[in-house]
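The values are calculated or read from the model by the stated rules, or taken from the named source; none is laboratory data. Just so it is clear, the structure is predicted and the values come from calculations on it, not from any experiment. FYI the Cβ positions are ideal-geometry reconstructions off the backbone, even for glycines, and counts take in every protein chain you see. Calculation scope for accessible area: heavy atoms of the full protein, side chains included, ligands and nucleic acids excluded. Shrake-Rupley method; radii C 1.70, N 1.55, O 1.52, S 1.80 Å.
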Amino acid sequence: MSQSSMFILMVVIPLILSQSARGKDCVCELQNSDPAFPENKLENVEFTAAQCTGNITSEKMREIDSLVLGLQHRIWQLLDNVSMLEKEDNGNLYAAVSLRIIELELAEIQDLLDKLNRTTNSYQLLSLQTATELQDMEETMVELEKFDHTHVMVKQRENQRIKRDLERCKDVLNNTIPAPTLSPGHCGLGRMVNVSSPRTYSLTVYGTSYTFGAWGRDANPAPGDENKYWLVVLSSSNVYGNFIRQYNTLSTFILGIGPTDTYISSSNPTTNTIQGPNMVMYGNALYYNCYNTYSVCQFNMTTRSVSTVALPSDAGYNNKFPFAHLGAAYGYTDMDFATDESGVYVIYTTTSNFGNVIISKVETSNPPVLNQTWSTSLHKRTVTNTFMVCGVLYATRYLDKEIEEIFYSYDTKTNKERYDLRIHIKKMQTNIKYMNYNPKDHLLYVYSDAYIVTYETMFQEDH
């Protein structure tokens, strides 16, 4: 065979070669031993993926959000009108007209509820269909990868994963630049002067099953988690909990759609599980009273690990110094936890402080560390709840079934105490079992006899 007629044949798939001579030409017959690549299956996957992208859009999720918010607005309006009617109810014509207006509003609320139910059912069906299609696509892609003899697809996917990890790492670095330290009591908000009427009022997916629990938003969320809401119910004896439930938005929280459960332990109660209804979420970690100890537990939601720091050995726990009022004591509320603009606090008492409230700053390192501590003259058993705003502790007391009062404050910057605040909170249920302030939205998050409630805080600048 002449040099000009020579060639090199390179293939990366198994081939059967046969050779024959036709005159001066060298002929190679190539036969692929592998089956033909199923292009139609790949086209079907691409078509299904395009359909999923078209069916599930952010606009559709916003539709549920707008329906829920619209429904809340109409319910607030209805409550205001009912309250007005109660004041006017003297049998005159004006009261009759008001009653007719309320009837019309109820009909409109029912229409909104029907639409919300239809939309939710439609999206739940769409979610199930999409999950099935995704499973089918995954199985098909696994099958198609068998044709990727040089592992090109596998390496491409690995590269994409590494790129995503690098982008996430970059985002975390950009968002972990230390924020300027805020002086306690001076966050630019002024002093708190009032609390709004309820802004959110709803049962959870559990109904009235669990009257003790807590909920809210992370006061220092990781990038991408800013809109998440968390819920903990004390599912054992109204005292103990062992898991945290999270939702992506408020509307999915209220409707009970798509929750994610993270377990501290499969047993309840056991070492390091939750004791009592007081807890907060900060920096993707839950802070709470460790089961059967006078220690603060820090549960990392990502690593699912627990770190602890002990309070003084004479600190109250196991129902020794709970929140209370004349009619009842709120079980296992010896420790309260609070978040504000500067971090996390634990509120408790000791026998050496004669049952008076103590505030300790919790440094959110791993493990957590107790930092500066302040002692007050406020006796803990006269209080029903506490929360922190701008380094100022606020305490509430029970007035009656309808009103809770913010009556006390302690400024950790000036050490000044006040017992004369008289800020009233309109209750939707008799007992407020949990209350915490979130510095991101300036709302009070309340768990009240199985209902979740929020209130806006109102401030006035000091002159």
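Heavy atoms only, 1.4 Å probe, whole protein assembly: order Lys115, Lys228 by accessible area, highest first. Could you put the intermediate results ahead of the total?
Working: Lys115 90, Lys228 60 Å².
Of Lys115, Lys228, the descending order of accessible area is Lys115, Lys228.
Could you check the spin-label model distance between Ile102 and His442? Points 7 Å from the Cα along Cα→Cβ, value in nm.
Going by the 7 Å Cα→Cβ label model, 3.3 nm.
With respect to the cross-link table entries Lys228/Lys413; Lys361/Lys413; Lys361/Lys416, which display a Cα-Cα separation exceeding 21 Å?
Lys228/Lys413
Computed FRET efficiency, Cβ-Cβ of Thr53 and Asn318, R0 56 Å: what is it to the nearest 0.05?
On the way: r = 54 Å, r/R0 = 0.96.
After rounding to 0.05, the efficiency reads 0.55.
Over the Cα atoms of region 199-302, how large are the radius of gyration and the largest Cα-Cα distance (Dmax), in Å?
Just the Cα atoms of region 199-302 yield Rg and Dmax of 13.1, 37 Å.
Using per-residue counts of other Cβ atoms within 10 Å, averaged over each peptide, order 277-288, 367-378 from highest down. Intermediate values should be presented prior to the final figure.
On the way: 277-288: 24.4, 367-378: 15.3.
For the peptides 277-288, 367-378, the packing ranking is 277-288, 367-378.
Considering only protein heavy atoms, what is the solvent-accessible area of Glu363 at a probe of 1.4 Å, reported in Å² to the nearest 10?
Counting only protein heavy atoms, the figure is 70 Å².
Rg(Cα) of region 319-436 divided by 2.2 N^0.38 Å?
Numbers: Rg = 13.8 Å, N = 118, 2.2 N^0.38 = 13.5 Å.
Dividing the Cα Rg of region 319-436 by 2.2 N^0.38 Å gives 1.03.
Which log10 I(q)/I(0) values, to two decimals, does region 282-365 give at q = 0.12, 0.25 Å⁻¹ under the Debye formula with one point per Cα?
For region 282-365, the Cα-only Debye profile gives -0.36, -1.26.
Using amide H atoms built in the peptide plane, which far-off residues or other-chain residues are under 5 Å from Val280 H to H?
For Val280, whose amide H was placed from the backbone, the distant partners under 5 Å are Tyr287.
Modelled label-to-label distance, Glu167 and Thr364, 7 Å Cα→beta-carbon offset: nm?
2.6 nm
Evaluate E = 1/(1 + (r/R0)^6) for Leu125 and Asp80, where r is the Cβ-Cβ distance and R0 equals 22 Å; express this FRET efficiency to the nearest 0.05. Spell out each step's value before the answer.
On the way: r = 36 Å, r/R0 = 1.66.
Step by step, r from the Cβ atoms, then E = 0.05.
Please list 3J(HN,Hα) in residue order for region 445-460, calculated via the Karplus relation 6.51 cos²θ - 1.76 cosθ + 1.60 where θ = phi - 60°; whole Hz, with x for glycine and proline.
Along region 445-460, the couplings run 9, 10, 10, 10, 6, 5, 9, 9, 9, 10, 9, 7, 9, 10, 10, 9 Hz.
If packing is taken as the average number of other Cβ atoms within 10 Å across a peptide's residues, how do 231-244, 125-138 rank, most packed first?
Going from most to least packed, we get 231-244, 125-138.
Can you tell me the length gained on complete extension of the stretch Leu144 to Asp111, counting 0.36 nm per residue apart and subtracting the Cα distance?
On the way: separation 33, 0.36 × 33 = 11.88 nm, distance 4.88 nm.
Contour length minus Cα-Cα distance gives 7.0 nm.
Amide H to amide H, which residues 5 or more places from Thr200 or on other chains are under 5 Å from it, using H placed in the peptide plane?
Close amide H contacts, sequence-distant or interchain: Thr454.
Note the per residue figure in Å³ for the convex hull of the C-alpha positions in region 400-463.
In region 400-463, the Cα convex hull volume per residue is 113 Å³.
Could you order the peptides 195-207, 388-400, 416-428, 36-48 from most to least packed, using the average number of other C-beta atoms within 10 Å per residue? Could you put the intermediate results ahead of the total?
Working: 195-207: 16.2, 388-400: 21.8, 416-428: 14.5, 36-48: 11.8.
Output ranking for 195-207, 388-400, 416-428, 36-48: 388-400, 195-207, 416-428, 36-48.
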